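The values are calculated or read from the model by the stated rules, or taken from the named source; none is laboratory data. Given the structure is predicted, the values throughout are model-derived calculations rather than measurements. Cβ coordinates were reconstructed from backbone atoms using ideal geometry, including for glycine residues, and neighbour counts include every protein chain displayed. We work out accessible area using only protein heavy atoms, side chains counted, and drop any ligands, DNA or RNA first. Shrake-Rupley method; radii C 1.70, N 1.55, O 1.52, S 1.80 Å.
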Amino acid sequence: MAIDVVVNQRHLQIQLKQLETVWHTVINGYNLSQAATVLHTSQSSLSKHIAALENQLKTEVFVRQGKRLTGLTTMGTALMPHIESIFAEIRTIENLSLDFNNPNIGTLTIATTHTQARYVLPHVVKEFKERFPKVNLILQQADPETIAQMVIRGQADIGIATESLLHNDYLRCFRYYDWTHRVIVPSDHELAGQESIDLPTLASYPVVTYHGGFTGRGAIDKTFSEAGLEPDIVLAALDADVISTYVGLGLGIGIIAEMAFEPSHYQNLTAIPVDHFGRFTSWMAVRDDAEIRQYGRAFMELCQQQFAN
């Protein structure tokens, strides 16, 4: 009897490993090499797990072009919701156990943009570390699309960004705060002191702003384009500090996120409100299929309290 139990447990572990392989292959875009990296194993090992599962099911799970996986078969598509449910429950049980035994010890990984990490999160991080000194807090900076993928793949517990998070079925999103852009110019610039600036005037000056895909740059481009204007973008950067530095040197006028303007750091610059490019919402996202640790939820609550008033 004892031998049968051990054999059954071993068989269950193998089946779970096979299902885990399918899950990570799908969320990593059918890239076995990338899935193997996430699972800390070899690509050949994953291929063996997939072959064993397909042999057991007596049908293929993945569509193939040569040796390359390109999608899910009808069977694979039917299987995925059940795999997701299984691992969601496993992750939830693991987190419940950790919260019960060591509620204030662990690691919390936040994937976010430079703008959020540099200008928005410092006070939240400070308060969080005061409340949870034994939690190892990791801030990973990336572009919005990569942030979404990091949360989906389990490489980050929470993602914080403006773009990309809402448009993903694997993520559950929570509103963080709303923001708009500001135009920044040297204090002695001819536009300094203006209460507003129209689009044609903005487009008539050299512009320094964000790199494509960051901090509302897509909306900036779209707004100018729809107005039939083509601004002269003389410099694109990932960081508002860089933008502010070059505006101060007279390279052009800057367009940055409102929370990124720090008058105490750049006393030679002034900011002018603009609403041409719309209002934006920064979101927090977690995996939709499992709960995060209690201290992760506490971090999100601190974020929301930051803009509650």
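Annotations for the structure displayed:
- Tabulated pairs, segment 21-45, first open to solvent by 40 Å² or more (accessible area, probe 1.4 Å), second among the aromatic types (Phe, Trp, Tyr), C-beta under 8 angstrom, 6+ apart or interchain: TYR30/PHE62
- Test: ARG91 is open to solvent by 70 Å² or more (accessible area, probe 1.4 Å) and basic (Lys, Arg): no
- Of all residues assigned to segment 268-278, none qualifies as being without any contact (Cβ under 8 Å) to a residue 60 or more places away in the chain, out of contact with any Cys (no Cβ under 8 Å at 6 or more places or on another chain), under 24 Å from TYR119 (Cα atoms) and not hydrophobic (A, V, I, L, M, F, W, C).
- Residue in segment 143-163 that is outside any loop (DSSP other than H, G, I, E, B), open to solvent by 50 Å² or more (accessible area, probe 1.4 Å) and either within 15 Å of ARG293 (Cβ to Cβ) or among the aliphatic types (A, V, I, L, M) (or both) present: no
- Residue selected from segment 96-110 under the condition among the hydrophobic types (A, V, I, L, M, F, W, C) and either at pLDDT 95 or above or part of a helix (DSSP H, G or I) (or both), by the criterion farthest from ASN28 (Cα to Cα): PHE100
- Candidates VAL38, VAL63: the one that is outside any loop (DSSP other than H, G, I, E, B) and at pLDDT below 85 is VAL38.
- Between GLY278, GLY254, the distinction of being open to solvent by 20 Å² or more (accessible area, probe 1.4 Å) and either small (Gly, Ala, Ser) or assigned to a helix (DSSP H, G or I) (or both) belongs to GLY278 only.
- Unmet criterion (only one of (1) open to solvent by 80 Å² or more (accessible area, probe 1.4 Å); (2) modelled with pLDDT of 90 or more; (3) part of a helix (DSSP H, G or I)) for VAL125: (1)
- Search result, residues across segment 46-78 that are in contact with an Asp or Glu (Cβ under 6 Å, 6 or more places away or on another chain) and touching a residue at least 12 places away in the same chain (Cβ under 8 Å): GLU60, VAL61, THR73
- Positions within segment 191-233 being closer than 17 Å to GLY252 by Cβ and open to solvent by 60 Å² or more (accessible area, probe 1.4 Å), in sequence order: GLN194, PRO200, SER204, HIS211, ASP221, GLU230, ASP232
- So LEU269, is it more than 19 Å from GLY159 (Cα to Cα) and either hydroxyl-bearing (Ser, Thr, Tyr) or open to solvent by 30 Å² or more (accessible area, probe 1.4 Å) (or both): no
- Being basic (Lys, Arg) and surrounded by 19 or more Cβ atoms within 10 Å (Cβ to Cβ) is a description that applies to ARG287.
- Taken as a whole, the structure places PHE174 among residues that are open to solvent by 20 Å² or more (accessible area, probe 1.4 Å) and either touching an Asp or Glu at 6+ places or on another chain (Cβ under 8 Å) or part of a strand (DSSP E or B) (or both).
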